[in-house]
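S.K.: Input: one structure, supplied below.
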Amino acid sequence: MNYMTMPNKYPDVPGPYPLVVGELTDASVTGVILKTSGAKPGKYAADVVEYEPGKRLWFVLLPGFASVPYTVQALDADGNIAAEKTLNDPINDTGDIKISANR
């Protein structure tokens with residue numbers, strides 16, 4: 001599973017940022033949850049979109065008050081956490097979240 005965060009604010013672009021987005025590269029992952037920290041912690045279910053047969057993206061549009069760290073959880077069909085990673089840089093954090101081999 002790949003992920004990317006986008007900054008809280010862009011000059012001259014109003015809107016509810018940050019946006020956290022990624023590609024689901026493991027067919028066993030059926031959902032993604034993102035948890036935020038700070039004064040108003042929250043838990044947000046990602047939208048999953050199939051853009052070609054067998055290719056899926058996920059994204060979460062967070063409220064402007066959302067604070068890092070963010071915890072991304074990949075869920076399997078039973079709702080179990082298949083992978084988890086904490087993101088600390090809301091401006092340009094990118095990478096992979098590896099699915100556990102011991103599931």
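The values are calculated or read from the model by the stated rules, or taken from the named source; none is laboratory data. Quick caveat, the model's predicted, so the values are computed rather than measured. Heads up, the Cβs are rebuilt from the backbone with ideal geometry, glycines too, and the neighbour counts pull from every protein chain shown. Please note that ligands, DNA and RNA were not included when accessible areas were found on the heavy atoms of the full protein model with its side chains. Shrake-Rupley method; radii C 1.70, N 1.55, O 1.52, S 1.80 Å.
S.K.: Give just the number: which of (1) modelled with pLDDT of 75 or more; (2) charged (D, E, K, R); (3) surrounded by fewer than 16 Cβ atoms within 10 Å (Cβ to Cβ) does Asp12 not satisfy?
M.R.: Among (1) modelled with pLDDT of 75 or more; (2) charged (D, E, K, R); (3) surrounded by fewer than 16 Cβ atoms within 10 Å (Cβ to Cβ), Asp12 violates only (1).
S.K.: Counting just the residues of segment 51-70 that are open to solvent by 30 Å² or more (accessible area, probe 1.4 Å) and hydroxyl-bearing (Ser, Thr, Tyr), which one comes out farthest from Val29 (Cα to Cα)?
M.R.: Ser67
S.K.: Scan (1) out of contact with any Gly (no Cβ under 8 Å at 6 or more places or on another chain); (2) under 16 Å from Glu23 (Cβ atoms); (3) at pLDDT below 95 for the single condition Pro90 breaks and write down its number.
M.R.: So the condition that Pro90 fails would be (2).
S.K.: I need the full set of residues from segment 23-68 which are farther than 23 Å from Asp89 by Cβ and either among the acidic types (Asp, Glu) or assigned to a strand (DSSP E or B) (or both), in order please.
M.R.: Asp26, Gly31, Val48, Val49, Glu50, Tyr51, Glu52, Lys55, Arg56
S.K.: Would you check which residues across segment 26-44 are among the basic types (Lys, Arg) and touching a residue at least 24 places away in the same chain (Cβ under 8 Å) and list them?
M.R.: Scanning segment 26-44 gives Lys35, Lys40.
S.K.: Further, regarding this structure: Tell me, yes or no, whether segment 72-80 has at least one residue that is surrounded by fewer than 14 Cβ atoms within 10 Å (Cβ to Cβ), among the charged types (D, E, K, R), part of a strand (DSSP E or B) and modelled with pLDDT of 95 or more.
M.R.: No, that holds for no residue.
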